[in-house]
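The values are calculated or read from the model by the stated rules, or taken from the named source; none is laboratory data. Predicted model only: the values in this text are computed from it and were never measured. A quick note on method: Cβ atoms are made from the backbone with ideal geometry, for glycine too, and the neighbour counts reach across all protein chains shown.
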Amino acid sequence: MEHTIVSFQDVSKRYQLKEAVQHLSFDLPAGKVIGLIGPNGSGKTTTLKLMTGLLRPNSGRVLFQNQRVKRSMAEYVAYLSDTEAVYGFYTVRQMVNYYAGLYQDFDAVKASAMLEFMQLDGHQQVRTLSKGNNGRLKIVLAVSRKVPLIVMDEPLSGLDPLVRQSILTGLISFIDLESQTVVLSTHEVGEVEPFLDMAVLLDHGAVKAMDETDHIRETIGGSLLDWMKQALV
Amino acid sequence: MQEDFTSSQPIYLQLVERLCKQIVRGELPLGEKLPSLRDMAVQVGVNPNTVQRVYTELERIGVAETRRGQGTFVTSDQNRLFRLREELMMNYITAFLNDMREMGFTLQDVVRSLQEHQTPGVPNK
């Protein structure tokens, strides 16, 4: 049996009167790349934030390695938000150094290798980076941490196909699935499918379906996108 | 760099078939070391767990072998290669004949048509 890294047990979260997610229950296995997919407003960002301890559930339990998730989890989880999390006045190198100071688990050697792989210039000011290079830098900052869980909210959104490919390739070149698990949300379902072990489909704040990508193809004879369309009808 | 996958079959099976073809064509010689999980994953644009599954499957069918601490190698067994060629041919023939049958052709129609068929560069003898 595979070891579970994240477990949601009947988790609900609402913002004022709006239910964001309701009665979420699922277990995520360690050492996999897991895609969180679903239409806009289906609760993907809320789910990821609950997973990382950035949000607390109104009811239910979120467990990380069998411990209840707390705000202090940031030590064990690298979180890449879908908004800008880099400081414009730093250079790329300074930004990396800042992260190295912030997190004890930051692997500076890996970060340098990734900067080179992503063809990022350490001397360039972050504010002058193109959108694509900004996306690449965020991946470098998240993946360079030696943490058991890397959570990425829409790492590919708004980027062109070449940048998306370089980010995905960079991700699999540098993550260590022996000791790390990746959970990412995306709308680029077709493009990301070959990189996923498993997909969780959310709809209206609930888990609509969840399966291993190979198993999906074996059972429905179609792609992840076909599966998603079938489930959302 | 990245090649496309068809949507109807699990990706790991498509990779197994792709590697088998490369072995039959001699692009991957007998006894050759296969790339590490990570290198292969980056080369074909999938995740390393998928490559692990591919190598395990190649091993299961006797086309590759994993040597502890050294990696995964194409089999050095010449006989296995001959059988692999036959198996690939049979797979294609089976799929082809199924298509033909669905379109209402008899085996005689197909055999006659194959004998008369001319494709530039393909000897028909």
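Scan (1) away from every other protein chain (no Cβ under 12 Å); (2) closer than 19 Å to A:MET51 by Cβ; (3) buried (at least 18 other Cβ atoms within 10 Å of the Cβ) for the single condition A:ARG136 breaks and write down its number.
That leaves (2) as the condition not met.
Residue-wise test of (1) within 9 Å of another protein chain (Cβ to nearest Cβ); (2) in contact with a helix residue (DSSP H, G or I) (Cβ under 6 Å, 6 or more places away or on another chain); (3) farther than 26 Å from A:GLN180 by Cα; (4) not in a helix (DSSP H, G or I).
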| residue | (1), (2), (3), (4) |
| --- | --- |
| B:TYR12 | yes, yes, no, no |
| B:LEU15 | no, yes, no, no |
| B:ARG18 | no, no, yes, no |
| B:VAL46 | yes, yes, no, yes |
| B:THR72 | no, yes, no, yes |
| B:ASN79 | no, no, yes, no |
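Pick out the one residue from B:ASP39, B:ASP4 that is closer than 18 Å to A:VAL33 by Cα, surrounded by fewer than 19 Cβ atoms within 10 Å (Cβ to Cβ) and either touching a Lys or Arg at 6+ places or on another chain (Cβ under 8 Å) or without any contact (Cβ under 8 Å) to a residue 60 or more places away in the chain (or both).
Details: B:ASP4 fails: closer than 18 Å to A:VAL33 by Cα.
Within the list B:ASP39, B:ASP4, the selection yields B:ASP39.
Checking the conditions here, which among A:VAL200, A:VAL189 is at pLDDT below 95 and among the aliphatic types (A, V, I, L, M)?
On the way: A:VAL200 fails: at pLDDT below 95.
Answer to the check: A:VAL189.
I'm checking my understanding of the structure. Among residues of the range A:138-192 that are in contact (Cβ under 8 Å) with a residue 60 or more places away in the chain and among the acidic types (Asp, Glu), which one is farthest from A:LEU28 (Cα to Cα)?
So the residue we want is A:GLU154.
Exactly one condition in (1) away from chain B (no Cβ under 14 Å); (2) assigned to a helix (DSSP H, G or I); (3) surrounded by 16 or more Cβ atoms within 10 Å (Cβ to Cβ) is not met by A:ARG127; state its number.
So A:ARG127 meets the others, but not (3).
Looking for something more than 9 Å from chain B (Cβ to nearest Cβ) and among the charged types (D, E, K, R) - is there at least one such residue anywhere in the range A:214-226?
There is no residue in the range A:214-226 that is more than 9 Å from chain B (Cβ to nearest Cβ) and among the charged types (D, E, K, R).
Mind checking which strands (runs of 3 or more DSSP E) fall wholly inside the range A:1-41 and carry at least 2 residues that are over 20 Å from the mean Cα position of the chain (by Cα)?
Values: elements: A:4-15, A:18-29, A:33-37.
Hits in the range A:1-41: A:4-15, A:18-29.
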